[in-house]
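The values are calculated or read from the model by the stated rules, or taken from the named source; none is laboratory data. Here the structure is a predicted model, which means the values were calculated and not measured. Backbone-built Cβ (ideal geometry, glycine too); neighbour counts: all protein chains shown. What goes into the accessible areas is simple: the full protein's heavy atoms, side chains included, and nothing from ligands, DNA or RNA. Shrake-Rupley method; radii C 1.70, N 1.55, O 1.52, S 1.80 Å.
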Amino acid sequence: MNDKDIAPMDTQIARPSLARRFAKPAIAAAIVILALASARAFQNAPGGKRLTLPANSVQLATVSQDSLAQSISLRGTVVPRRTIYLDAIEGGRVEQRLVEPGIMVTQGQPLVVLSNSSLQLNVMSREADVAEQLNNLSNTRMAMDTERLNIRTQLLEIDHQIRTLSRQIRQYEQLKASDFISTEAMEQIRDSLTYYQTRRELVLAKQSQDKALREQQIRQLEESTQMLTANLQIARQNLEGLTITAPADGFLSSLEAEQGESKSRGARLGQLDLSGDFKLSALVDEFYLSQIATGMGAWVEIDGQRRELVVSKISGRISNSQFEIELDFVDDSAEQGLRRGQTLSLVLMMESESSHALVLPKGAFTHHTGGHWIFVLDANGKTATRREIRLGRQSGSHLEVLSGLQSGDQVVISSYQNLQDIQQLQLSQ
C-alpha cells in the first residue's frame, strides 16, 4: 500500500514541539511582569522607594516669611461652671418620674416622687413623742398651779389663825391684869400663836422649794419638747424630701430614676447644670505644660463671631500624655445657646505679640511625620523629594520653620498616610 491509498481519516497529526507548547504561557507571564514593572516603575529606583500619585490628590503650600504669634489649636468641650447634684436625702421606691432629662427646669419644679413607709412610720412615732411630751408639760404646769393654790389656801388659813390668836392674846393680857384669866390659858394661846407662825414659815419654805423644783421640771420638759419638735421637723423635711425638686433654674443634664426602682439613702439621682453658666475644658499635650499659665488668652468662633476666653485653671495631672485646662468666657453673653458636651475648635494664644518668621501653612502631614520631614517639590514641579526639617512655634494656621526649608519652597502638606517609607513622589497630570 502506498501513500495515495491512505484514507483521510487516517492522516497523521504531527505533535507540537516543546517550544510551541510553552510559548503562549510565557507571553502571558511577560505581559503581567511588564504591567507590574510599569506600575512600580518608581518604587525601587536608586534614590529609594518612589510612588506615582495624581497631582490633584495632594495639597501644596508655599513657604514664606510672615508674622507669627505662637498659638495652638485645641478641641474644647462645653462643661457647666457650676453643677448641682440631685441626691436622695432618704432612700425609697420611685413612684413617679415627672420629667425627662435634657430639658430646662425651674426652681421648685417636682422631678421625682419617692415613697418610704419606714420614714412615714418614723414621722408618726416622733409626732406621738412630741404629743406625749407636750401633755407631760401641760400636766406639770397644772400640778404646779394646783400646788400654788393649795399653798395660798394654807397661808390664808394660817394668817387668819395668827390674826385671831394675836387678837385673843391682847384681850387675854387685859383680862390677866384683872385676874380674870389664868396664866395657863394665856400660855396656851401664846403656844398656838407660835405654832401657826412657825407653820407659816415652813409653808413659805415649802412653797419656794416646790416652785424651784417645778420650774426646773418645766424647763427640762420644754427643752425636751423643743428637741423632739426639731427632730420632728427634720423628719417631716425628709418626708417632704421624698419629692425631689429642682433646687434652681437650670438644665437637667441627667436623671436616673425609673418607676419601681429602689434608691438607697444618698443615692445620686441626677444633676442640674445652672443655665447660661458654662466654660470650656480642653486637653493639651504634656509638651506645653511648662508654657501654659492661667490668664492666657484664647478665642473661639461661635455662630461666625469670635469670642474671647481666658485660661482659668490648669490641672497638673498627666493622663495619656495630656493634661486638662479650663477656660472662662470673657463675655458672659457668649455662653448663651451652648449645651453641655458640645465641642468647639479654639485657639490658645501662647504669645501676646507677633514676630517675623519663616512659616509654613498647617497641614495633615504632621500627624504622620511629627513635623520632622516633608516632601519638597522640585523645580520641574513634577517630583517631590523627602527632606528633613525642624519646626518651632505654631499659630492657629501656620508653623514656624527653623531649618530645612527656604522661602519660596513648595511642599506637600496633605496627609502622608502610607507614605512613611517613600523617598520620592512623582506627580502625574
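Between region 182-209 and region 212-284, what's the alpha-carbon centroid distance in Å?
The distance from the Cα centre of region 182-209 to that of region 212-284 comes to 66 Å.
Given a Förster radius of 25 Å and the C-beta distance between Ser73 and Ala293 as r, what FRET efficiency does 1/(1 + (r/R0)^6) yield to the nearest 0.05?
Calculated transfer efficiency: 0.85.
Name the trypsin sites (Lys or Arg not before Pro) in region 367-411 that are in a loop by DSSP and that have at most 13 other C-beta atoms within 10 Å, would you?
Passing both the DSSP loop test and the Cβ count: Lys382.
So for the pair Ala185, Thr385, with labels modelled 7 Å out along Cα→Cβ, what separation do we get in nm?
Computed distance between label sites Ala185 and Thr385 equals 15.8 nm.
Hey, what D do you get for region 267-365 in µm²/s if you plug the Kirkwood alpha-carbon radius into Stokes-Einstein at 20 °C and 1.002 mPa s?
The diffusion coefficient I find is 138 µm²/s.
Multiply the residue separation of Gln237 and Asp328 by 0.36 nm, subtract the distance between their alpha-carbon atoms, and state the gained length in nm to one decimal.
Value of the extension gain: 29.0 nm.
Would you mind listing how long the chain runs along its three principal axes, going by Cα atoms, in whole Å with the largest first?
Between the extreme Cα coordinates on each principal axis of the chain lie 208, 83, 33 Å.
Got a number for carbon plus sulfur as a percent of the chain's accessible area, 1.4 Å probe?
It is 49 percent, rounded to a whole number.
Which residue fluctuates most in the GNM of the chain (Cα springs below 10 Å): Leu344, Leu360, Leu53?
Ranking Leu344, Leu360, Leu53 by mean-square fluctuation puts Leu53 first.
Which stretch or stretches of region 232-247 have amide N atoms under 18 Å from the point lying 7 Å from Leu134's Cα along the Cα→Cβ direction?
Within reach of a label on Leu134, which here means backbone N under 18 Å from a point 7 Å along Cα→Cβ, region 232-247 contributes 232-237.
Please calculate the 1.4 Å probe accessible area of Asp249, with all protein chains present, and give it to the nearest 10 Å².
So the heavy atoms of Asp249 present about 80 Å² to solvent.
At most 10 other C-beta atoms within 10 Å and a DSSP loop state: those are the exposed GluC sites (Glu not before Pro) I care about. Give me the longest piece of the chain that has none.
1-257
Using a 10 angstrom Cβ neighbour count of at most 12 plus a DSSP loop assignment to flag exposed chymotrypsin sites (Phe, Trp or Tyr not before Pro), which longest range of the chain is free of such sites?
That gives 181-429 as the longest site-free run.
Most mobile of Ser117, Ser182, Ser333 per a Gaussian network model of the chain (Cα springs, under 10 Å)?
Ser182
Who wins for biggest fluctuation among Arg75, Arg317, Arg190 in a Gaussian network model of the chain, springs between alpha carbons below 10 Å?
In this elastic network of the chain, the residue with the biggest mean-square fluctuation among Arg75, Arg317, Arg190 is Arg190.
Taking the Cα-to-Cβ direction at His367 and at Thr146 and moving 7 Å from each Cα, how far apart do the two end points lie in nm?
Taking the simple label geometry, His367 and Thr146 are separated by 9.4 nm.
With charges set only on the Cβ (+1 for Lys and Arg, -1 for Asp and Glu), what does the dipole of the chain come to about its Cα centre, in debye to the nearest 20?
In debye, rounded to 20, the chain gives about 1500.
So what does His160 come to for accessible area, using a 1.4 Å probe and Å² rounded to 10?
For His160, solvent-accessible area is about 90 Å².
Heavy-atom accessible area per residue, the chain, 1.4 Å probe: how many Å²?
About 62 Å² of surface per residue is accessible.
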